[in-house]
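A.B. asks: This structure is in structure tokens; I'll ask about it shortly.
The values are calculated or read from the model by the stated rules, or taken from the named source; none is laboratory data. All figures in this text were calculated on a predicted structure; none of them were measured in a lab. With ideal geometry, Cβ positions are generated from the backbone for all residues, glycine too; neighbour counts draw on all protein chains shown. For accessibility, only protein heavy atoms count, side chains too; no ligands or nucleic acids. Shrake-Rupley method; radii C 1.70, N 1.55, O 1.52, S 1.80 Å.
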Amino acid sequence: SGWRERLRYFGAVLLFVLLFYRYSFDVINLHLAYSRLVGREASRFYVKRKKAVVSVIHGFESAFEKETNRFDDATVTTLASLKRYLVREGIGAEKIAVINNGVDLDALDAIPRDRNYLHRELGLDPHIRLIGLIAYFYPDRENKGHRTLLDAAKIVLRSRENVRFVLVGGNYWTADGLEYFEKHAEALGIRGQVHFLGEREDVPALMSSLYANVLASFKEG
């Protein structure tokens, strides 16, 4: 309801203010839409010492950016086209810097490719083809397309016996996202063919074991 959302918002602002004073930050670096909204508001009350508020805007979710961006000392975007969009929305170009996302291809190429890396861990025959989705489990359930993949998995498994599905990722903002989709896989009757691996730090190695890596997101930055 509306009052619960307002209470949650003001509670988050208060928490940020307390954290700012507790640790006396010199730089406040804000990512993601809600964090920027709350962090900018909280920075107004942080006057203990000089600070720099730097927001990083990854996507086109700028409904409130022009109203709160004035509290930024600097704003970073990841695309030149995103900077142009924000300028059209009323944010001054002089405070926006573009730092492109980047992938270190040399570092990735240095990781040995092992087609059976996951097969050994899961005790699967090497001829099994693994189809994977690597993403956080979000509280709105469908942000990253986990249900879509599982629904598709049921169709694929009707005609393919040598396929298994792998979901890699931790919960984001909720404690039951992963459990929710485990129950969905069970309801579909495919729980035995779907492996939920949780949050991992060996993603490049995991991907080397995948026959196909699926991006089923409904929203990305």
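A.B. asks: Any idea how far apart Asp114 and Lys154 come out in nm if each label point goes 7 Å out from Cα toward Cβ?
C.D. replies: 3.5 nm
A.B. asks: Could you give the accessible area per residue of the chain, probe 1.4 Å, as a whole number in Å²? Don't jump to the answer; show the numbers that get you there.
C.D. replies: Numbers: 13190 Å² over 221 residues.
Spelled out: the 1.4 Å probe surface of the chain, per residue, equals 60 Å².
A.B. asks: Next question. Please work out the FRET efficiency for the pair Phe45 and Trp173, using the Cβ-Cβ distance as r and a Förster radius of 25 Å; give the result to the nearest 0.05.
C.D. replies: My answer for the efficiency is 0.55.
A.B. asks: A further question on this structure: Mind running the shape call on region 104-151? Use the C-alpha gyration tensor, a ≥ b ≥ c as the square roots of the eigenvalues: rounded below 1.5 for a/c, prolate if a/b tops b/c, oblate otherwise. Numbers along the way, then the final one.
C.D. replies: Details: a/c = 3.08, a/b = 1.37, b/c = 2.25.
Oblate shape, in that a/c is at least 1.5 and b/c is the bigger or equal ratio.
A.B. asks: Still on this structure: In region 190-221, which trypsin sites (Lys or Arg not before Pro) are in a loop and have at most 14 other Cβ atoms within 10 Å, using DSSP for the loop call?
C.D. replies: Here the sparse-neighbourhood loop sites are Arg200, Lys219.
A.B. asks: With all protein chains present, how much of the accessible area of region 103-195 (probe radius 1.4 Å) comes from carbon and sulfur, to the nearest whole percent?
C.D. replies: Values: 2680 of 5370 Å².
Result for region 103-195: 50 percent of the exposed heavy-atom area is carbon or sulfur.
A.B. asks: So what's region 1-111 giving for Rg/Rh, alpha carbon basis, Kirkwood Rh from the mean inverse pair distance?
C.D. replies: On the Cα set of region 1-111, Rg over Rh gives 1.05.
A.B. asks: Mind computing the radius of gyration and Dmax over the alpha-carbon atoms of region 125-221? Å is fine for both.
C.D. replies: In Å, with Rg to one decimal and Dmax whole: 12.7, 37.
A.B. asks: Sticking with this one: Above 20 Å lies some portion of the pair distances; for region 76-193, what is it as a whole percent of all C-alpha pairs?
C.D. replies: 62 percent
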